[in-house]
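**Q** Following this message is one structure expressed as structure tokens.
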Amino acid sequence: MNAEGINKAALLLMSLGENEAAEAFRHLAPREVQKITGAMAALKNVTRGAVDDVLQDFIKEAETQTTLSLDSKDYIRSVLTRALGEDKAGNVIDRILQGDDVGGIEGLKWLDAPAVAELIKNEHPQIIATVLVHQDPDHASSVLECFTERTRNDVLLRIATLDGIQPAALRELDEVMTELLSGTENVKRKAVGGVRAAAEILNYLSSQHEESVIGNVRSYDVDLAQRIIEEMFTFEKLVVLDDRAIRLLLREVDSQTLVIALKVGPPELRQKFMTNMSQRAAELFAEDMEVLGPVRLSEVEAQQRKVLLVARDLAESGEIALGDKPGDAYV
């Protein structure tokens, strides 16, 4: 979910009753709840026009009254308690509104990446790898960005070669992080880590760091590095998207960004985007491509990454599929 989407969601939920907002939160992932409630807490001097614009995007008829006059912190506290229950919501509310820590590996999902990195930076790389495979890929990637190159490379290699965690080890680790398994005795060996987990995290890493990490893995095991690359969803693999997904991307991506991104890449991908434009838009796009002068490769890669981030946001929200059915490899 991009910044605009987060702000719209925050405005919409502040416009709903507590019961309806709580029901919506039940269907969101921890990171989504954190982002949206953070935006809700930051809302100030919201105009009726802004609310109307958001409501028109989601419903046919705007409500005549909103609840934006409520204190945002009280509203968030009430909604999260309804949505998550008192036990889980208590710590989460403190973290979001006051910045208090939340314990447990699961609780790390509610912390910002720098806070997680600070918490685990002095742990053994194997411990860091174990913690990160329990986070969402984008969150784990952001945490990795906070480490030194040496640590980042070491941790990703360990993630790629991790095929499971014994319950006793996980319990011991979580006791340090505080009560993830809290009394659960019958826990089976959990299959986490591996090539796919490493690839999903790398999908969100910057190009510079991505190259360094892959290079480190390649020096350890050439075949392993290749398998990770094959699992990653790269810019060139956008060509496998269906026409509907391409049109959604065209709606969300700035034309100039796409022009630069497509300067390097397979011709069939460029054609696929143009086929899904109107005739006039395709003509203008072709003209822009023709007059585009020399562009640094680093800039092309930066624009390609922007397009990929939009694609991943759309995939995360369920609007498109990136061919990521469990167990399937990208083709």
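**Q** What is the residue count in region 141-164 for residues that are in contact with a Leu (Cβ under 8 Å, 6 or more places away or on another chain) and of a type outside the set (Ser, Thr, Tyr)?
**A** Final tally of qualifying residues: 8.
**Q** If I go through region 256-279 residue by residue, how many of them are within 12 Å of Met289 (Cα to Cα) and in contact with a helix residue (DSSP H, G or I) (Cβ under 7 Å, 6 or more places away or on another chain)?
**A** 9
**Q** Name the one entry in Leu156, Leu119 that is farther than 22 Å from Glu211 by Cβ and either surrounded by fewer than 23 Cβ atoms within 10 Å (Cβ to Cβ) or in the same structural domain as Ser206 (by TED's automatic domain parsing) (or both).
**A** Result: Leu119 is the single residue among Leu156, Leu119 that is farther than 22 Å from Glu211 by Cβ and either surrounded by fewer than 23 Cβ atoms within 10 Å (Cβ to Cβ) or in the same structural domain as Ser206 (by TED's automatic domain parsing) (or both).
**Q** Which number in (1) in contact (Cβ under 8 Å) with a residue 60 or more places away in the chain; (2) part of a helix (DSSP H, G or I); (3) touching a Leu at 6+ places or on another chain (Cβ under 8 Å); (4) of a type in the set (A, V, I, L, M) marks the one condition that Leu322 misses?
**A** (2)
**Q** Find the residue count for region 253-309, including only residues that are assigned to a helix (DSSP H, G or I) and out of contact with any Ser or Thr (no Cβ under 9 Å at 6 or more places or on another chain).
**A** 28
The values are calculated or read from the model by the stated rules, or taken from the named source; none is laboratory data. On a predicted model such as this, the values are computed, not experimentally measured, just so you know. We place every Cβ from the backbone using ideal geometry, glycine too, and count neighbours over all the protein chains shown.
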